[in-house]
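J.: Structure incoming, see below.
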2 protein chains.
Amino acid sequence: MSKPVLIVGGGPAGLAASHALASVGQPSILVEKEDCLGGAPILSGYAKLVPSGEWAKDAIGGMVDRVMQSEHVEVITEAKVTSFDGEPGHFKAGLSNGTSVDVRSAILCTGFTHFDSHNKPEWGFGTYPDVVTTAQVEQMISSGNGVRCPSDGRKPERVAILLCVGSRDRQIGREWCSKICCTVSANIAMEIREEIPDCHVYIYYMDIRTFGLYETKYYWRSQEEFKVKYIKARIAEVTSDGKRLIVKGEDTLVKRPITIPFDMVVHAIGMDPNVDNPDIASVFGVDLETNGYLDHASSYSGTGLTKRPGVFVAGSAIGPETIDDSIAQGKAAAMAALEQRHLHLLAAELVG
Amino acid sequence: MSKPVLIVGGGPAGLAASHALASVGQPSILVEKEDCLGGAPILSGYAKLVPSGEWAKDAIGGMVDRVMQSEHVEVITEAKVTSFDGEPGHFKAGLSNGTSVDVRSAILCTGFTHFDSHNKPEWGFGTYPDVVTTAQVEQMISSGNGVRCPSDGRKPERVAILLCVGSRDRQIGREWCSKICCTVSANIAMEIREEIPDCHVYIYYMDIRTFGLYETKYYWRSQEEFKVKYIKARIAEVTSDGKRLIVKGEDTLVKRPITIPFDMVVHAIGMDPNVDNPDIASVFGVDLETNGYLDHASSYSGTGLTKRPGVFVAGSAIGPETIDDSIAQGKAAAMAALEQRHLHLLAAELVG
C-alpha cells in the first residue's frame, strides 16, 4: 500500500484534498486540532453558504461524512503536528497526542482565524450586546431561531452591517482585504430581509467587492429584489442613546456626517492569519509572508508549493479565500502530491 | 494504456489540467482552436502577470513547453470539437479537421473573449487612435518598445485608465464584474510609471476590487510607491480638443463635473463569455448560465461538474477568473477526471 499523505486541517480545503486522494486510492491521514471536522463553516455554525446556497451543515457536513466513511482516510482529531522531519516520500510527523505517523508528503490546509471584534473597540463590540458579528448572525440563522437582538430577544427593525471590520484597516495592522465579506454580507442581508420583511437593512462600505458573477447574484439582487441599502461611508464609532445603537460617521458620497439609530449592528469580520501560523511554519519549515499567512511559491507552474519540497499548501492558510476556491486549491494540492508520488514511483522503477 | 482525457482549450486551465494528468501518467488530448497554445496571456501578448510578476511568455510559455514535451499529451491545434457522443469512459469526439478521438472524459477549459471596446463607442475607442485597451498596453510593454501614443509614437505625459469597460454595465448587457481588471490596471499603472517616471497615471473607478492580498501588493503599492491616483468617477465620454483626449464625467466623491486632458486613455476591458459558448454548450450537452458562461454544478461536493457526467469545466469558461484560480481549477478538474477513471476501474474490477 502507498504511504499516506498527511493533511493538516479538516476544513473545506483539507476535506477536498483528502477526498480527492481517497477517490484515486491514495491513503491520507487527516489531522485536525479541534474535536470535529468541517473547519470554520461547521465550527462557527455558518448558515447558507456563498455561492452555492447550500446550508453549511449539509454541504460541508456532507464533505465531512464522505471523508469519515472513507477507508482511505485516517482521521485524527484533537491533535496538532509538533514535528515534521525527513525528505519527500519519507517524512515522520510527530503529533501532540504522543504518536507519530510516516507520510510521503504534507498538505497544509490550516485555514484562518476570525478577526476578534474586541480589537475594534470604537465600533461597540463587547460594549453593547446588540453589536454582533457576521459569524454570530450566521449562527442565529442556522439555529432556526431567527435573527434577534441579544439584549432582549426582539426582532430588529433596523440593522446596520459594517464592512471591513478587521480588514483594510492599517490602524489595527490589517491592510489586506478579506475577499468574501462583501458577498457574505449581501447574502446575510437578504436572509434577514427574507425572515423579517419589515426590517430595514443597511450595508456601510468602502468599496463593494462582489467580484465576478457575485455582482448579479448578490449585489444587484440584494438591492433590487430585497431592498437592501448600500451606503459608502467612513464609520467613526458605534454608541448608544440608551434605547438604540447609534452609528456615527460620514457619508463619503454626499460628504455629510451621519448619526443613525439601529437595533442591531453587525460587524462583517475579516479573516486573520491563523493564530497558529508561526508554530505551523516553524514545525514544517515553511515561511510566513508579510501579513502572517503561510507563504507559497508565486509561480504559475507550481500551485500550492512551499519552499520545502513535499510540503504543499491550500485554502485560507495562504490568504483570505472563498470556500469554493479553497476546495479547488485543496484538490490542486492533492494533484501536486500525487505528481510527487508518481515521480518517486518512476524514480523507484529506474533504480529498481 | 488508459484511454485519454479530452481537454478543450490550451490556456492556463487547460495547460494545468493536461500537465497534472500527464504527471500521474494519465494521457490526454489537448484540442486548441488557435494555431498555438497559451490562451489569452500568450495570444494577446500579456506582459508581467498578476500576481506572480512573471512575464507571460516565460510563465505561460513554460507551461506550454512542458505540455508540448510531454509524452502523455497529444496536442491538436487549429481544431474545434464538433461532436461529442457516448458515455463516461467511452466518448467519441469528432473534430473540425475531420478526425475523431476516443476519450474517457472531457474537461472544457475554453476560456473567455475580451470585451470589444467598439461596443462602448462614447468612450472613444475606434474614434481616437490614442484610446487603447489594457490588452494593447500589455502588448506595448511586452514588446519591449514601451508605452507610446499610437497616433505619433510620443511618450504619454498623462494616462487615464478607465475601469469596468464592458463590465458592471447594464446598458450594454454586461452586469457581471470581470474580477481581475482592477488589479491588472494597478499593475499596468505601475509598469507605466516605472518606464516613464514623469508620466501621471490616473485610474477612474466605481469600486476598487483589489481583493485579498492584492490590496497591499497592488492598490496601496501603486498609490504609495508609484504615486498612481485613483478617482471615483462616472465617466460620460471621451472626446478630443484636437491635441489631447478629454475625459468628461463626474467625480462622484466631490460631486463635481470633470473635464480632464490626457495623452492616452486605456480601457480596462472585461471578460465576455467565450463567443463560441453556445456552440460548445450544444456540442457537449452542457448548459449556459444566465450571462452566457458555461454552467456548472453549484455544489461544494463537486468542483467542475456539469450536468453531463464525464464532462468537467474549469477556468474562465465558467465566469471571469484569475489566472492562478484558473490553474487551480484546471488541476481540480483533472483530479475529478481521475476520480471518475478510478470509479470505472473499480467497477471493472467488480464486474471482472
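The values are calculated or read from the model by the stated rules, or taken from the named source; none is laboratory data. Given the structure is predicted, the values throughout are model-derived calculations rather than measurements. Because the Cβ atoms are built from the backbone with ideal geometry, glycine has one as well, and the counts that use them run over all protein chains shown. With ligands, DNA and RNA removed, areas are computed over all heavy atoms of the protein, side chains included. Shrake-Rupley method; radii C 1.70, N 1.55, O 1.52, S 1.80 Å.
J.: For the cross-link pairs A:Lys80/A:Lys179; A:Lys255/B:Lys179; A:Lys217/A:Lys255; A:Lys217/B:Lys331; B:Lys179/B:Lys217, which exceed 24 Å when the distance is taken from alpha carbon to alpha carbon?
T.: Pairs exceeding the cut-off: A:Lys80/A:Lys179; A:Lys255/B:Lys179; A:Lys217/A:Lys255; A:Lys217/B:Lys331.
J.: What's the total accessible area buried between chains B and A, using a 1.4 Å probe, rounded to the nearest 100 Å²?
T.: Buried area between the two chains comes out at roughly 5100 Å².
J.: If you don't mind, there's one more thing I want to ask. Calculated from DSSP H runs of 4 or more alone, at -39500 (n - 2.57) each and per residue, what is the 222 nm mean residue ellipticity of chain B, nearest 500?
T.: Using -39500 (n - 2.57) per qualifying helix, the result is -8500 deg cm²/dmol.
J.: Between A:Ser240 and residues 5 or more places away or on another chain, which pairs have amide H atoms under 5 Å apart, with H built 1.01 Å from N, and which residues are they?
T.: Long-range HN contacts for A:Ser240: A:Ile246.
J.: Just give the residues from region B:160-180 buried by at least 10 square angstrom of accessible area in the all-chains context relative to the isolated chain, probe 1.4 Å, and say none if nothing qualifies.
T.: At a threshold of 10 Å² (probe 1.4 Å), the residues of region B:160-180 that become less exposed are B:Arg168, B:Arg170, B:Glu175, B:Trp176, B:Cys177, B:Lys179.
J.: At 1.4 Å probe size, with every protein chain present, just tell me what the per residue accessible area of the protein assembly as shown comes to in Å².
T.: 38
J.: Straight-line reach from A:Lys120: which aspartates and glutamates fall under 19 Å, measuring Cα to Cα and dropping same-chain residues less than 8 apart?
T.: A:Asp130, A:Asp169, A:Glu175, A:Glu237, A:Glu250, A:Asp272
J.: Using the Cα atoms as the points, what is the convex hull volume per residue of chain B in Å³?
T.: Output value, Cα hull per residue: 140 Å³.
J.: In region A:251-293, which residues give up 50 Å² or more of accessible area once the other protein chains are added, compared with their chain alone (1.4 Å probe)?
T.: A:Leu253
J.: Right, here's the next one. Between A:Cys164, A:Cys182, A:Cys199, where does the largest GNM mean-square fluctuation fall for chain A, given springs only between Cα atoms within less than 10 Å?
T.: A:Cys199
J.: With heavy atoms of protein chains only and a 1.4 Å probe, what residues of region A:328-342 have at least 10 Å² less accessible area in the full set of chains than alone?
T.: Residues shielded by partner chains are A:Ala328, A:Gln329, A:Lys331, A:Ala332, A:Met335, A:Leu338, A:Glu339, A:His342.
J.: Still on this model: Once Rh for region B:42-137 is found with the Kirkwood sum over Cα pairs, what is the Stokes-Einstein diffusion coefficient at 4 °C and 1.567 mPa s, in µm²/s?
T.: 76
J.: How large a share of the accessible area of chain A, in percent, is made up of carbon and sulfur atoms when the probe is 1.4 Å and the other protein chains stay in place?
T.: About 51 percent, which is the carbon plus sulfur part of the accessible surface.
J.: Counting trypsin sites (Lys or Arg not before Pro) as exposed when in a DSSP loop with at most 12 other beta carbons within 10 Å, what is the longest stretch of chain B free of them?
T.: Formally, the longest exposed-site-free interval is B:1-153.
J.: Moving to a separate point now. Quick one: which residues, 5 or more positions from B:His200 or on another chain, have an amide H under 5 Å from its amide H? H modelled 1.01 Å from N in the peptide plane, none for Pro or chain starts.
T.: B:Arg158, B:Val159
J.: With springs only between Cα atoms under 10 Å, which of A:Thr110, A:Thr210, A:Thr259 fluctuates most in a Gaussian network model of chain A?
T.: Answer for the Gaussian network model of chain A: A:Thr259.
J.: Based on alpha-carbon positions alone, could you give the equivalent ellipsoid semi-axes of the protein assembly as shown from the gyration tensor, as √(5λ), descending, whole Å?
T.: In descending order the semi-axes read 39, 35, 23 Å.
J.: What angle, in degrees between 0 and 90 and rounded to the nearest 10, separates the Cα long axis of helix A:12-23 from the longest principal axis of the Cα atoms of chain A?
T.: Around 30 degrees separate the two axes.
J.: Given an 8 Å cut-off on Cα distances and at least 6 residues of separation, report the relative contact order of region B:116-233 as a percent.
T.: It rounds to 23 percent for region B:116-233.
J.: Taking the Cβ of A:Arg174 as the center, what net charge do the other residues with Cβ under 9 Å away carry, scoring Lys and Arg +1 and Asp and Glu -1?
T.: Surrounding charge for A:Arg174 is -1.
J.: Enter the Cα centre distance for the pair region A:42-71 and region B:93-124, rounded to the nearest angstrom.
T.: 34
J.: How many percent of the alpha carbon pairs in region B:197-309 exceed a separation of 21 Å?
T.: The answer is 60 percent, as a whole percent.
J.: Against the longest alpha carbon principal axis of chain B, how many degrees, from 0 to 90 and to the nearest 10, is the axis of helix B:134-143 turned?
T.: On a 0 to 90 degree scale, this one is about 90.
J.: Beyond 14 Å, what percent of the Cα pairs of region B:16-73 remain?
T.: So the pairs more than 14 Å apart make up 56 percent of the total in region B:16-73.
J.: Per the Kirkwood formula on distinct C-alpha pairs, the Rh of region B:115-165 is how many angstrom?
T.: 11.7
J.: While we're looking at this one, here's another question. What does the charge count around A:Glu237 come to, taking other residues whose C-beta lies under 12 Å from its C-beta (Lys +1, Arg +1, Asp -1, Glu -1)?
T.: Result for the neighbourhood of A:Glu237: +1.
J.: Non-local amide H neighbours of A:Ile29 (under 5 Å, H modeled in plane, Pro and chain starts lacking H): which ones?
T.: HN-HN under 5 Å from A:Ile29: A:Val5, A:Leu6, A:Ile7, A:Glu74.
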